[in-house]
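Note sheet for the following structure.
Computed from the coordinates by the stated procedures, all read-outs in this text should not be read as laboratory data. Model, not experiment: these values are computed from the prediction. Cβ placement follows ideal geometry from the backbone for every residue including glycine, while neighbour counts extend to all protein chains displayed.
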Amino acid sequence: MDSMYCANENGTSSLFTRDYNYKKDVSAGLYVKAEGYVKIWLLLIYGECGRKAKSAARLYRERFPEGPHPTRQTIFKVVKRVRETGCVTSRPRVRRPRNVGCKAQPEDVLAYALAHPQSSTKMISENCGLSNRRVWSILNESGAHLYGSTPVQGLLPRDAERRCTWCNVVMNNLEGHPTFLADLIWTDEACFSRNGMFNRQNIHTWSLGNPRYAVEVRHQLR
């Protein structure tokens, strides 16, 4: 069976053909492109095979060798969709509108970025109802830039006294040894850690000028 006729409510008939996937209005002699007729054939063959998807897939390949050929999983999906929705075709996607409510003004985008300096452009675009590209354009035109952070070692309350003691040691040694600081071997403790790596790319700040933003990485003592 390569075709079938179905009666319509308006008195006309429709000719379903698998090869062309077209609907023919016999009374008017017009061909109208339709969607989902292949899935109708899948359902017909599925019922013909006693609701056995594996047998239906094999019979479909034998009856229509030109391909493409549906798999057993495809037939199950079509049957499930018909049972749940009553329709053989997929429903159109309902997408969330990009701009919800009133569009934010450029000054609102800049104000949000300065109020939440560590926000990403994606977060700003979602809160302001603008596209990511538009947010980048507004921030660049407003003179705002992304500034990186400088990792520094965290301090404890008891470190204040030690810092004052060290400053006194340095001042006393500089009087008799002017090159005292140049002779010291400094360790870059803020960039190396036994616990792992510190990713500076994940920490940034929106600002109109360089804020010299510093991030406490860790304390010297665990």
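Remarks
- Computed lengthening from F76 to C167, 0.36 nm per intervening residue step minus Cα-Cα distance: 25.0 nm
- The convex hull drawn around the Cα atoms of the stretch 31-85, when projected onto a plane and averaged over every direction, covers 4.3 nm².
- Exposure proxy shown here: for M123, M171, the number of other Cβ atoms within 10 Å sets the order, fewest to most, as M171, M123.
- Gain on full stretching of the segment that runs from F180 to T150 - 0.36 nm per residue minus C-alpha separation: 8.2 nm
- Total lysine pairs under 23 Å (Cα atoms) in the stretch 31-85, excluding pairs fewer than 8 apart on one chain: 8
- Calculated diffusion of the stretch 100-180, Stokes-Einstein form, Kirkwood radius summed over Cα pairs, 25 °C and 0.890 mPa s, µm²/s: 148 µm²/s
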